[in-house]
Amino acid sequence: MMVDVLEEMQTLVKNASSKSRGVSLVKRRAKNPNKPAAAWTTQARIGTEIGTALSIVLSTEGCAHARSSEGGCTMCSYLLDGTSMNPSSDELFNQFMEAMKMLENASSPLSVKIYTSGSFLDKEEIPDEARNLILTEISNDERIKEVVLESRPEYVLDPILEEVRSLLGNRSIELAMGLESSSDLIRSLCVNKNFDFAAFKESVDLGKKHDIGMRAYILLKPPFLTERDALLDAQKTISDAINAGATTVSLNPVNVQSNTLVEFLWKKQRYRPPWLWSVVEVLQYAHKAAKGAARVVCDPAAAGKKRGTHNCGRCDTSIVNAIRQFSLTQDVQAFDGLQCECRNLWNHTLTHEDVSFLVHR
Amino acid sequence: MEMKRMTEFRVGRGHDGPARIGEYIIGEEVFQTPLLTGPDSIRKSILQIRYMGRDLTLPNPGIVAIPFNMTPDEFSNVALGDSDPILLPSLVSFASLDNPASTLLLRYQLEMVEKSKGTIDPSRLILRVPENIDVEDFKSIIDEFHTKGIRSAAFVFDGLLGSTDLKSITLRSTLPASWLTFALGKIHPSIIPLLYYTGFDIIDTGYAYQAAASGVRLWSNDSEQIESGKLPRYCSCLACKIIDEKYSSEHIQALHNHNLNIYSSILSESLHAMKSGRLRWLVESMTHVSPNHAALLRQVDKQTYPFIEEFTPTTGADVVPLIGPESYNSPAVRRYREYLESRYTPPTGKQIVLLLPCSAKKPYSDSKSHRRFLETIGSALGRAAERVAQAILTSPLGVVPRELERVFPAANYDIPVTGDWDSEETELGAQALITYLNKFDANCTVVAHVSGGYLGIVKGAESQVSQSIIYTTPESSASSWDSRQVLHETLTDLKGVLDLKGSQPKQLEEIVRSTADFQFGLGAGELLVPENAKLGGKPYRQIVCRIEKEQICSFIASSGSISLTLSGAKLLAPLNRYWARLDATQVKGGSIFAVGISEADSEIRPGDEVIVLNNDDEVIAVGKSEMSGREMCELNRGRAISIRHKLEV
């Protein structure tokens, strides 16, 4: 049976992901439980205006999927940002307040995005008490017009959404969810993420009921795909996500993170992060597919570096700038006039890698 | 109702190593192999390779790659109105995971084959071999694909000429002879002779564009970065007329065209070399492109020798150049050394073994130096010269007994002569000499009439042989007048000391018997030249062997081989070697095709003298093989044996 072969392949990926973690999990240090893992601000489009967005990564025990024998996602080591000790509700709140200091002098409109390297709505990770403290704090800040909360679909439950909506009033709210791919085969086999597209759609629908939007994170180039496989899958996923009702699509070009399966393949010369040309291609497509009904954003990590999405090295900066510009303005003209000799190589990679199965580096 | 579309690969005539020519039939169209393939190709001579639904589909046939997760319905859509070969789906890089990742990819493909049953003829499906799969794992699953009718496979090359590329060649060597093989990936023109030599029929030119887009012009032995202000290499090809160093799409196109010309040119050169028996030489000459090229060939020789040897003809070009260390273990050379070890028995009655240096002219007897050696031996010993076994020391063959000096490649090889030997040559020579001398009685006396590098061989062997060795002229050239005087004196002395007796000249018998053993295996000489045989003729032309006026066989000096008559074949048949069984009572026409052969001796190589048997084990013909014994069994087409004599009914 074919299903059996696929299941065995899946198991292999799971084990390989687990193995790639190596000792990195055990060696995670206990961090200061009162400081977030990371926090940064960027310019962002908030509603129709441009304002400041604060992204907070709370230091928690991290993603349950990655900590388990399931191995976690093939490209993700965000859980390493977390701590080995699960912080208390007070400590989590302190982390939040620490990050909020960055907005002290900022003026409206503001956006606050809360990530945890796991799920903000997971009670095991963020106890009800901490969640309530944080959301209440936000509701008291009139400058904050937009809130983004990260979660996997299984934690998106009706009562929790109801509570979130009631605490945050009429602010714009989005759930942030790593859909990665709308293909269940690619999501499970290449990403090793174990939910299906149907669960994503349920979460979107549940969100709609409470006027909560969906920010879908879409992965560009998980392992075991050719550059063109990856490009086409990201485009299809974007269409599917928008059709399902996503309010924002955020494109994540894979970057090579430590202690991941992707890094293992990359070191063996069997993986190359996506070309920036692919990112541009997907964003242009997404812009067309969104027809103004959904935002299209992309903030590529390690862009232009060899572990991140990159081109030849000569054109990377201008293309990354264009990507940032587009994310901010939603104006696809940001991509006009981009040109470099390496575009021919990229084009060649799309066709030749596809048929030869040699990873083009 | 759709016509049933299929593809077929027909192996043609000729071999030089596993390299072959053939016809790849796709629907109505016939492509000659070896052949180039590539994406987005506009050249008719290059078979297009494309991804279903992603690349422009040209009206001419092409290889089609399909998505990994294709459903059976989608799969059958591919089949409609189409005869294009299909690359079975796989996942890139997945084989890098632990076992059994590669096997799973193959099992997945097996199931796709199963799913497509009834909609797609399996002859159209191409197995995609996961890179670096364990050879034993691969062998254990390949039969299943064969049983299901798959007849072609694609292998990946990363162009580093390291372990992955070596593995792909090794994996290819395990396939049935009837399979068509693709080499895909990064393939520099300089590696094409080796790929063709190791049996790849269709070769990817994708790198031609990749190089062009990076401003690189490819040559058969080099890569040239085109830079402004730097004078480009002269090129006579049309494409290069418009190379102007400025980056533009025309510039890339010109470079691409040039690069493709180089691919076509080197493939054509390889094909011609194959036809003239010089492919091995071409492959060896390319080892100087880079140390990696040399390392890869050495590894290929070491790891796939049985495969390469199996398809290496036992006859060949008039001149076989053996130039560097890459030749020491070329299959014809190594096979010679191994046959000498396993198939050679010294003639009886020898009391002296005389070791002589080789000569540039072949066969040695035709050279000035050897004519003088022979004179010296004759004048010193007279008819007692029959008691002397002569052996010529040489690199890289090792030892050539006088009786075998006309066999291939002993009569054909040509080496650069400097008088200096490297340690590997000396070691190979010493080993061969030990093997050779151990075939003689311990009471024999060895006379080493050699100096310089040859002396190193004898010294290297001395401690491991049981005979005592007399050195005639260690300090000066063996062919000088003075040295020959010493040889004369030594032999004269020995004649007295050993009380050497004269005997009937046995040179013809020794040549025919030794050659028969060398050609057919131990025991053949005695079967073909029994005590009552009569031999006539000249060693340098032809020796005919008769028993009671019936011709048995003849030794042809120009090829150094034995031709059998039907009577000879009957005498030889009990040896149970070099036979092929024809599934018919008699032979019709001048050749036998592989399709008619039900069984054949796996020892048969292209160029061998072969006995044709019928199902009752009766000899019905003799002829010359055009392919290896395994191919005779595995191929359904192609000329297997060119008949020399057949039973007239």
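Each reported figure results from applying straightforward, stated rules to the coordinates on display, with no laboratory input. Small disclaimer: the values here were computed from a predicted structure and weren't measured. So basically every Cβ, Gly included, is an ideal-geometry build from the backbone, and we count neighbours across all protein chains shown.
Over 18 Å between Cα atoms, which of B:LYS534/B:LYS646; B:LYS588/B:LYS624; B:LYS117/B:LYS139 qualify?
Those over the limit are B:LYS534/B:LYS646; B:LYS117/B:LYS139.
Give me the one-decimal Kirkwood hydrodynamic radius in Å for segment B:320-497, with the sum taken over alpha-carbon pairs.
The Cα-based Kirkwood calculation yields 16.1 Å.
What is the average number of partner chain Cβ atoms found within 10 Å of a Cβ in B:197-207?
Taking all residues of B:197-207 together, the mean is 2.
Taking the Cβ-Cβ separation of B:SER163 and B:TRP481 as r and a Förster radius of 51 Å, what is the calculated FRET efficiency to the nearest 0.05?
0.35
Per 5 Å bin from zero, what fraction in whole % of the C-alpha pairs of segment B:107-161 is there, up to the bin with the longest pair?
4, 17, 30, 24, 13, 8, 3, 1, 0
Can you give the FRET efficiency to the nearest 0.05 for B:LEU238 and B:ALA360, using r as the Cβ-Cβ distance and R₀ = 30 Å?
E between B:LEU238 and B:ALA360, to the nearest 0.05, is 0.10.
Please arrange B:SER290, B:SER563, A:SER356 by how many other C-beta atoms lie within 10 Å of their C-beta, fewest to most.
B:SER290, B:SER563, A:SER356
Expressed as a rounded percentage, what relative contact order does segment B:320-497 have, with Cα pairs under 8 Å and six or more residues apart?
Reported as a whole number, the value is 26 percent.
Treat the count of other C-beta atoms within 10 Å as a stand-in for reagent exposure and order A:LEU179, B:LEU127, B:LEU498 from fewest to most.
B:LEU498, B:LEU127, A:LEU179
What is the distance, in nm, between label points placed 7 Å from the Cα along the Cα-to-Cβ direction at A:GLN10 and at B:LEU498?
8.1 nm
Please give the peptides B:457-468, B:222-233 ranked by average Cβ packing (other Cβ atoms within 10 Å per residue), highest first, as a rough proxy for protection.
Highest to lowest by the protection proxy: B:457-468, B:222-233.
Per residue, what volume in Å³ does the convex hull of the Cα atoms of segment B:80-223 enclose?
121 Å³
How well do other chains shield peptide B:96-103, expressed as the mean number of their Cβ atoms within 10 Å of each residue Cβ?
5
Can you work out the FRET efficiency for the pair A:ALA301 and B:SER223, with r the C-beta to C-beta distance and R0 = 35 Å, to the nearest 0.05?
0.50
When the expected Rg is taken as 2.2 N^0.38 Å, what fraction or multiple of it is the alpha-carbon Rg of segment B:507-646?
Output field value: 1.01.
Working out 0.36 nm times the residue gap between B:GLU424 and B:SER268, then minus their Cα-Cα distance, what length gain in nm do you get to one decimal?
Contour length minus the Cα-Cα distance gives 52.8 nm.
Enter the mean number of other protein chain beta carbons within 10 Å of the beta carbon of each residue in A:343-352, as an integer.
For this peptide, the per-residue mean of nearby foreign Cβ atoms is 6.
Isolated Cys in chain A by the 4.7 Å beta carbon test?
Cys with no partner Cβ under 4.7 Å: A:CYS63, A:CYS190, A:CYS298.
Considering only A:ILE242, A:ILE160, A:ILE319, give the residue with the highest GNM mean-square fluctuation for chain A, with springs between Cα atoms whenever their separation is below 10 Å.
In this elastic network of chain A, the residue with the biggest mean-square fluctuation among A:ILE242, A:ILE160, A:ILE319 is A:ILE160.
Using the 4.7 Å Cβ rule, please list in number order the cysteines from chain B without any candidate partner.
B:CYS237, B:CYS358, B:CYS444, B:CYS545, B:CYS553, B:CYS633
If the reach is capped at under 28 angstrom between alpha carbons, list the lysines near B:LYS230, excluding any in the same chain fewer than eight residues apart.
B:LYS186, B:LYS241, B:LYS246
Taking every DSSP beta bridge with both residues inside segment A:2-356, roughly what % is antiparallel (nearest 5)?
20 percent
So how do A:46-55, B:181-190, A:279-288 stack up, highest first, on mean other-Cβ count within 10 Å?
Going by the mean number of other Cβ atoms within 10 Å, highest first, we get B:181-190, A:279-288, A:46-55.
Report the Stokes-Einstein translational diffusion coefficient (µm² s⁻¹, integer) for segment A:190-239, Rh taken as the Kirkwood radius over Cα pairs, at 4 °C with viscosity 1.567 mPa s.
The estimated diffusion coefficient comes to 105 µm²/s.
How many percent of the alpha carbon pairs in the protein assembly as shown exceed a separation of 39 Å?
Within the protein assembly as shown, distances greater than 39 Å cover 57 percent of Cα pairs.
Looking at this model, which pairs from A:LYS101/A:LYS208; B:LYS368/B:LYS570; B:LYS361/B:LYS439 are more than 29 angstrom apart at the alpha-carbon?
Long pairs (Cα-Cα over 29 Å): A:LYS101/A:LYS208; B:LYS368/B:LYS570.
Return the Cα extents of segment A:236-296 along principal axes one, two and three, sorted largest first, each rounded to a whole Å.
41, 21, 15
Modelling each spin label as a point 7 Å along the Cα-to-Cβ direction, I'd like the B:ASN99/A:LYS19 distance in nm, to one decimal.
Here the modelled spin labels are 1.2 nm apart.
Could you tell me the extents of chain B's C-alpha atoms along the three principal axes, largest first, rounded to whole Å?
90, 71, 47
Would you list the P(r) distribution for segment A:2-356, with all Cα-Cα distances sorted into 20 Å bins from 0 and each bin expressed as a whole %?
30, 61, 9
What is the spin-label model distance, in nm, from A:ARG143 to B:LYS139 if the labels are put 7 Å beyond Cα along the C-beta direction?
Result for the modelled spin labels: 7.3 nm.
Using only alpha carbon pairs under 8 Å that are at least six residues apart, calculate the relative contact order of segment A:105-179 and give it in whole percent.
Relative contact order for segment A:105-179 comes out at 38 percent.
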